[in-house]
Amino acid sequence: MGGSVDVIRQHPYTAKASVPDGMIGIGLTMEGIFQNEMIYDLMLESGWRQSAISDIDGWFMLMSISAIICSRVRSTGSVRFMRRGSCSLTLCITVRLVS
């Protein structure tokens, strides 16, 4: 993965804390993240969050599922999937594109 996840996850908050009047914005170059959409989203989301993401693996899982759902809904108009959680609870979700 292009870009260092730990640096991207922590340094924007360190920078915000070091500026008494607040940080104005975050900048990045696509070359610096090697065109990686997940790293791009992580970096841009850090501008809106108050603190670093503690469960980075969970964040990547959620973003992956979101990307799959969006892709399937765009191509087929709907998607249905089931996920079994760690507590043996099965979650069934159906998403449809409404125009």
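The values are calculated or read from the model by the stated rules, or taken from the named source; none is laboratory data. Quick caveat: nothing in here was measured; it's all calculated off a predicted structure. Cβ placement follows ideal geometry from the backbone for every residue including glycine, while neighbour counts extend to all protein chains displayed.
Only one entry of Gly22, Gly27, Gly32, Gly2 meets the criterion of being on the phi > 0 side of the Ramachandran plot and either small (Gly, Ala, Ser) or at pLDDT below 80 (or both), and that entry is Gly22. For region 72-80, the criterion of being touching a strand residue (DSSP E or B) at 6+ places or on another chain (Cβ under 9 Å), assigned to a helix (DSSP H, G or I) and either at pLDDT below 80 or surrounded by 11 or more Cβ atoms within 10 Å (Cβ to Cβ) (or both) is satisfied by at least one residue.
For every residue, the table says whether it meets (1) within 28 Å of Arg96 (Cα to Cα); (2) loosely packed, with under 14 Cβ neighbours inside 10 Å; (3) hydrophobic (A, V, I, L, M, F, W, C).
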residue: Lys16; (1), (2), (3): no, no, no
residue: Gly25; (1), (2), (3): no, yes, no
residue: Gln50; (1), (2), (3): no, yes, no
residue: Met63; (1), (2), (3): yes, no, yes
residue: Ala67; (1), (2), (3): yes, yes, yes
